[in-house]
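The values are calculated or read from the model by the stated rules, or taken from the named source; none is laboratory data. Keep in mind it's a predicted model, so treat the numbers as computed, not measured. Cβ: placed from backbone, ideal geometry, glycine included. Neighbour counts: every protein chain shown. Note: accessible area is taken over every heavy atom of the protein model, side chains too, but ligands, DNA and RNA are not part of it. Shrake-Rupley method; radii C 1.70, N 1.55, O 1.52, S 1.80 Å.
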Amino acid sequence: METYIKGNFRKSIFQSESGYYIGIFKVKETNDEELIDYIDRTITFTGYFHELNEEDTYLFYGNIVQHEKYGEQFQVTKYERVMPEEKDSIVEFLAGGLFKGIGKKTAQKIVDVLGKDTLNIILENPENLLLIPGITNKLIDSLHTQLLDYQSSYRTLLALSEYGFTTKESMSIYHHYQESALSKLEENIYQIVLDIHDFSFRRVDAIALRKEIAKDDPRRIQAAILYVMNELCNLYGHSYLLQEEIAVYLMKVLGVRITEEEYLNALSFLQTDTLIVVREEKYYLKEMYEAEKNIAARVRYLSHLAEEKPRKLSTLLKNLEEKMEINYNEDQKIAIQSCFQKHFLIITGGPGTGKTTIVKAIVELFQMFYGYSHEQASDKIALLAPTGRAAKRINESTLFPALTIHRFLKWNKDLDRFAINEYNKSEVEWVVVDEASMVDTYLMDHLLKGLSFNTKIILIGDDNQLPSVGPGEVLKDLIAACPASVVFLKHLYRQGKDSSIITLAHDMMEDRVDKSMFEGKKDLSFERCDSMVLKERLIDLCMKYKDTNYKKFQILAPMYKTMNGIDELNVVLQKILNPKSLMKKEITVNGVLYREEDKVIQLTNMPDDNVFNGDIGIIQQITNGTKKEIVIDFDGNLVKYTPSQFHNFKHAFVISIHKSQGSEFDTVIMPILKSYHKMLYRKLIYTGVTRSKKELYLLGEMDAFFYAVHNHQDNMRRTTLKDMIVRIS
């Protein structure tokens, strides 16, 4: 038996755009003995609702929970609106403001004539209202229509709940389709995945199968194809797939064999419905094909605009050198001047080639050239990066505002939409994107859509680093397709006696590595050990840095699993770097023990708290009682986490090389073993090496290191952006 409370909504404490409520409810009736004491009293409730008003009576289904901060609450899983039954209640309902033109006197007249069954009578035969003196046909039509609308939404929500959707999901479906929601589901339940953000194929498919849709239903096959294509493109970074590889994964998802004819018919239907695009036996999701095409068109347009010939630029550049007390090399001068000459520019180079120095020069010279103040310039030029930590680094080095691309485009997380888009473009004149190798095809497309067609675009990055997490290899493709728009930085500022690390990174990219490069170097070493003793040697090395500032010392590893994976190493190193103490409080979260002074890494963006994916902090305080709370210090920014947010961080004594991208550390220790073989490839190890500014310790098997350097697995992404640009040029 489902627990329910019946009564009236009294007030809202909190309400989100997605329909999540925290509020107060006056209980009149319940079927749960534990809740009897609440009858004729109020209780705090939480849940998702289409709408609530004080006039209606509701049935809330759910259960009592104990919130550590707010105490006892009724957590609503589904709800119904109860039609009033007593005459007085019906009068109050009709006159309560929900129905235009109906006041207390008119409502009383209606109920006096039609009685307790007033509402059903109006719904079934509104002409009975003609029996009421003074009621016009216009008012009858209005009341009947409003009452139908009132009933329709709740009947639809109830039906969606019976389908198997949660209240939140039902609301999303109703908000999108309104009264046609149920007919849409009957027509094709899988359409929800395409139309509404946050509905996955797996979720909808589970409900569809419970409703006994056939496993080989054409609608299911089509939806599964789209799901497989999206999953494979995100997994491997491809922009297109081949027909044969889609088929292999499709059979696994469907759980049933289908004929070749059924498969080809589904592909043909999706192509006709423009959900996929097929070009030269390449199968694209429509969004990916359009994204590559849009990027290609914009880059081609900007690249072919006549170059500008700004006056006095050389003089201003000399003035800037004097102001900054720096002498730019020839590559840097060409890069800086090209920013003012070209409409589309890529500046690329490895570590130590002065990319950050150039960003600062661009900002300073932009203000000097146009005579802008610092505030005026911030409205005209946007410094962007794909991650929060990379944006922070630009801001710290330039003392100029820097944003993530998502924040610049005003991303709405709940709706998965950008407020800055093709219909509402930004007015900035220049856009500079740092760490551009991390920008995927979809994000670059959204950025370009949000910019005026004549906005100058400058991309800065190292395409030898790891590519974007999402599909595509934008920076690499643009460099290959637009050689006239690329400035290569080759001069190393940190090399020789100053940095063997930078030399190693460049030698790795040139396949010039050998064992001698680690000999006699103060800032670079390789300690040989096998997988059985790695932990022991790692512990010895870490003891040297135990009291080092956590921001300056970091262990990076390629994999999470295996006996020497990130998860296992974090457990071991916690005991060494932050041992158990009576002075430090502890808490266990999903089987993982955290204690005060543990080093942790943020896993999601929390812009309201000024903390971003990849930020590293120290647990300052743990409260572990009826009220659970963790406070983490991110370099002076104290962020408070409640249990619902504990999944947003994890230990960071060791972090993945992927998570380190965009960050730098004074000292990096990186184990490299044959047991990591799945993740041993050049771009990954190169990215790890280039995170170190002053000291780099490699630990493990030399053969594994050489294998990684010579493994070019990163070249396996299949994209067509380069071809599109070259073809239309």
Kindly indicate the residue of region 515-556 that is more than 18 Å from A505 (Cβ to Cβ) and hydroxyl-bearing (S, T, Y) and also modelled with the lowest pLDDT among those meeting that condition.
Y550
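In region 400-415, what count of residues is obtained for those that are more than 29 Å from T356 (Cβ to Cβ) and either open to solvent by less than 80 Å² (accessible area, probe 1.4 Å) or at pLDDT 95 or above (or both)?
Let us first name the residues in region 400-415 that are more than 29 Å from T356 (Cβ to Cβ), namely 412-415.
Next, only the ones that are either open to solvent by less than 80 Å² (accessible area, probe 1.4 Å) or at pLDDT 95 or above (or both) stay: 412.
So the count comes out to 1.
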Unmet criterion (only one of (1) under 18 Å from K78 (Cα atoms); (2) surrounded by 12 or more Cβ atoms within 10 Å (Cβ to Cβ)) for Y38
(1)
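Please give the helices (runs of 4 or more DSSP H) falling wholly within region 116-215 in which 1 or more residues are within 25 Å of K286 (Cα to Cα).
Values: elements: 118-124, 137-163, 167-177, 181-188, 191-195, 201-210.
Because the criterion is at least 1 residues that are within 25 Å of K286 (Cα to Cα), the helices (runs of 4 or more DSSP H) in region 116-215 that meet it are 167-177, 181-188, 191-195, 201-210.
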All but one of (1) more than 34 Å from the chain's Cα centre (by Cα); (2) open to solvent by 10 Å² or more (accessible area, probe 1.4 Å) hold for G354; which doesn't?
(1)
Please determine, by comparing only the residues of region 615-642 that are open to solvent by less than 40 Å² (accessible area, probe 1.4 Å) and either touching a Pro at 6+ places or on another chain (Cβ under 8 Å) or of a type in the set (F, W, Y) (or both), which one is modelled with the highest pLDDT.
Y641
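Among the residues of region 23-44, count how many are free of Cβ contacts under 8 Å to residues at least 40 places away in the same chain and either closer than 22 Å to S153 by Cβ or among the hydroxyl-bearing types (S, T, Y) (or both). Write out each step before concluding.
Quick first cut of region 23-44, residues free of Cβ contacts under 8 Å to residues at least 40 places away in the same chain only: 23-24, 26-44.
Retained after the next criterion (residues that are either closer than 22 Å to S153 by Cβ or among the hydroxyl-bearing types (S, T, Y) (or both)): 23, 30, 38, 42, 44.
Of the residues in that region, 5 qualify.
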If the requirement is being in contact with a Leu (Cβ under 8 Å, 6 or more places away or on another chain), among the acidic types (D, E) and either open to solvent by less than 80 Å² (accessible area, probe 1.4 Å) or closer than 26 Å to R393 by Cα (or both), which of these qualifies: E597, E568, E586?
E586
Being surrounded by fewer than 19 Cβ atoms within 10 Å (Cβ to Cβ), out of contact with any strand residue (DSSP E or B) (no Cβ under 9 Å at 6 or more places or on another chain) and within 30 Å of E281 (Cα to Cα) narrows it down to one residue among H677, H658, H712; which is it?
H712
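Looking only at region 544-565, filter to residues that are under 26 Å from the mean Cα position of the chain (by Cα) and open to solvent by 70 Å² or more (accessible area, probe 1.4 Å); which one of those is nearest to S663 (Cα to Cα)?
To start, the set of residues in region 544-565 that are under 26 Å from the mean Cα position of the chain (by Cα) comprises 551, 554-561, 565.
Those still in the list that are open to solvent by 70 Å² or more (accessible area, probe 1.4 Å) too: 551, 560-561.
Details: K551: 10, Y560: 19, K561: 23 Å.
Residue satisfying both the conditions and the ranking: K551.
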Of the residues K650, K683, only one is crowded, with 19+ Cβ neighbours inside 10 Å, closer than 30 Å to L285 by Cβ and of a type in the set (D, E, K, R); which?
K683
Among the residues listed as E287, E231, E321, the single one being part of a helix (DSSP H, G or I) and open to solvent by less than 40 Å² (accessible area, probe 1.4 Å)
E321
List every residue pair whose Cβ atoms sit under 7 Å apart, with the two residues 6 or more apart in sequence or on different chains, where the first one lies in region 163-179 and is small (G, A, S) and the second, anywhere, is part of a helix (DSSP H, G or I) and buried (at least 22 other Cβ atoms within 10 Å of the Cβ).
S170/L157; S170/L160
Do the conditions hold for I43, that is, is it touching a Leu at 6+ places or on another chain (Cβ under 9 Å), modelled with pLDDT of 80 or more and part of a helix (DSSP H, G or I)?
no
Checked region 388-429 for anything of a type in the set (K, R) and within 17 Å of S663 (Cα to Cα); matches are R389, K392, R393
Residues that are at pLDDT below 95 and within 30 Å of K456 (Cβ to Cβ): does region 240-257 have at least one?
no
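On the given criteria, is D609 buried (at least 17 other Cβ atoms within 10 Å of the Cβ), charged (D, E, K, R), under 19 Å from the mean Cα position of the chain (by Cα) and over 28 Å from R537 (Cα atoms)?
Numbers: buried (at least 17 other Cβ atoms within 10 Å of the Cβ): yes; charged (D, E, K, R): yes; under 19 Å from the mean Cα position of the chain (by Cα): yes; over 28 Å from R537 (Cα atoms): yes.
The answer is yes for D609.
From the list G349, G388, exactly one residue is out of contact with any Ser or Thr (no Cβ under 9 Å at 6 or more places or on another chain), among the small types (G, A, S) and modelled with pLDDT under 95. Which is it? Reasoning before the result, please.
Numbers: G388 fails: out of contact with any Ser or Thr (no Cβ under 9 Å at 6 or more places or on another chain).
On inspection, the qualifying residue turns out to be G349.
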